[in-house]
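Q: Starting off with a structure, shown below.
Only the coordinates and a few stated rules stand behind these numbers; no lab work does. Keep in mind it's a predicted model, so treat the numbers as computed, not measured. All Cβ positions, glycine included, derive from the backbone under ideal geometry; neighbour counts span all protein chains shown.
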Amino acid sequence: MRKAWLWITFALGLAPTVVGALPLIFVQAKVTLVADESGALSAIGMDWLYDEEFTHLLAHEIGADEDETMRLSSAEIERLSQLVLDWPPEFNGDLSVFADGEPVALLPREDAAMTFEFGHIRETYRRGVVPPDDAKSPIVIKLFDPYYITAYTVLPELEIVGELACPARVIKADMDAAHEAVSALIGGIQVGDLTGEDIYPPFGEVFSDIVLISCVE
């Protein structure tokens, strides 16, 4: 969990106490898949576009945008960038990768950058992937906040660099089924009804879109 929004979570990965309905932060994610010479996945690029409300919140966190115009100076954008890109060691970018059902090791973040575009934060970075031995092993990529404070929407258009051994596609989460599963998990309470008094188990994975690389239709 990021330092920038510890105001809505307990530190050190404990279950959060949340003010308002979940999720609180909305991110559109464009995913880039990089293939090595064998066609195996070797890196994943992320391009995150944050919602306007959360962008405003972080701007106020650094003392910017006092006139509510979201016209930030270069110095303010630099401070905002430092806040956004300051990932604590335990934060993995909410990214999980599996090959044949087994977790795949991710390398440290590279090429991390933030831009400020029309009132929105855009954060980009790249993570190297330890390629599986078999380039045709089915790969599952998930992007989710375990406590669903942040909702990631993976855009259907994938960018492919190189030539993957198997086709890649985005499978959208079944939101109705996810809400039903979570309601059953937390005793019939709807996700949107969780309040600042609620402590709840991690359930964000059921809302995750999936990027699937597979030679099987």
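Q: Modelling each spin label as a point 7 Å along the Cα-to-Cβ direction, I'd like the Ile186/Phe98 distance in nm, to one decimal.
A: The modelled label-to-label distance comes out at 2.3 nm.
Q: What's the center-to-center distance, using Cα atoms, between the range 21-88 and the range 149-170 in Å?
A: So the separation of the two Cα centres works out to 18 Å.
Q: Rounded to the nearest 0.05, what FRET efficiency do Ser38 and Leu107 have when you use their Cβ-Cβ distance and R0 = 25 Å?
A: About 0.90, to the nearest 0.05.
Q: Can you find, among Gln82, Gly101, Leu58, the residue sitting farthest towards the positive end of the charge dipole of the range 55-158, where Lys and Arg contribute +1 and Asp and Glu -1 at Cβ?
A: Towards the positive end, the residue furthest out is Gly101.
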